[in-house]
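Reading through the structure tokens given below for one structure.
Nothing in this text is a laboratory measurement; each read-out follows from the coordinates by a stated rule. Since we're looking at a predicted model, the values are computed, not measured. Cβ: placed from backbone, ideal geometry, glycine included. Neighbour counts: every protein chain shown.
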């Protein structure tokens with residue numbers, strides 16, 4: 001009897017795990033994902049976001065899987081393992097395409113985020129590691145220290161992939177606040193240019209000015225930021 005119950009529990013657990021990671025149209029329902037809290041990322045394949053996760057919308061499933069795998073494999077390189085940030089540049093700039101995941105509390109905060117002016121207008125379709133390209137870099141980043149610069153609260157970013165984003169520090173690609181990242185800026189661009197979109201940066205992932213200080217204070221000093229471009 002005990003063996004039968006045990007087998008049934010194992011079968012239910014396996015079915016639940018498979019359902020959790022089943023993508024729906026390329027996205028993962030946030031409430032359907034599991035992830036254990038930091039600070040010790042286990043080797044177990046079932047490591048994912050907590051079941052009680054709440055968010056208005058979805059997490060990009062492919063991006064989340066890649067970010068979790070990278071964080072698991074390179075966890076010793078990230079002293080700040082409480083937060084995981086994903087920018088999904090397959091979404092238009094009018095969408096809240098930055099996902100700030102608190103792995104302790106199992107919550108997700110979504111924010112607007114800009115892309116480089118030579119990466120595209122509404123969508124970011126071109127990415128670069130070249131200096132003076134004014135295109136956004138993609139890939140995995142280590143967050144650095146916070147500082148106060150020309151754009152107010154800002155944070156250094158270190159590209160971790162050779163040939164993909166390792167010139168980011170030299171290019172001064174940083175996260176910073178910007179007034180052109182807001183719903184008001186979207187409406188203004190629609191009126192002035194006939195296209196509802198955010199303002200454009202020189203390659204930096206700029207976020208709303210009023211939220212920059214809080215966001216940067218959480219993810220600075222050694223967390224993983226993944227800029228997902230669909231490949």
Which ordering of 216, 186 is given by a fewest-first count of other beta-carbon atoms within 10 Å? 186, 216
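Out of every Cα-Cα pair in the range 131-189, what percent are more than 12 Å apart?
69 percent
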Counting other C-beta atoms within 10 Å, which of 114, 201 has the fewest, and how do the rest follow? 201, 114
Stretched fully, the stretch from residue 161 through residue 121 gains (0.36 nm per residue minus C-alpha distance, one decimal, in nm) 11.8 nm
Cα convex hull of the range 122-220: how many Å³ per residue? 99 Å³
For 115, 151, 74, 176, what's the fewest-to-most ordering of other Cβ within 10 Å of each Cβ? 74, 151, 176, 115
One point scatterer per Cα, no solvent, Debye formula: log10 I(q)/I(0) for the range 61-228 at q = 0.10, 0.18, 0.20 Å⁻¹ comes out as -0.33, -1.12, -1.39
In this structure, the FRET efficiency calculated for residue 74 and residue 210 from their beta-carbon separation, with R0 = 35 Å, to the nearest 0.05, is 0.60
Please report, for the Cα atoms of the range 162-230, the Rg to one decimal and the Dmax as a whole number; what are they, in angstrom? 14.1, 41
Could you tell me the center-to-center distance, by alpha carbons, between the range 207-228 and the range 54-132 in angstrom? 10 Å
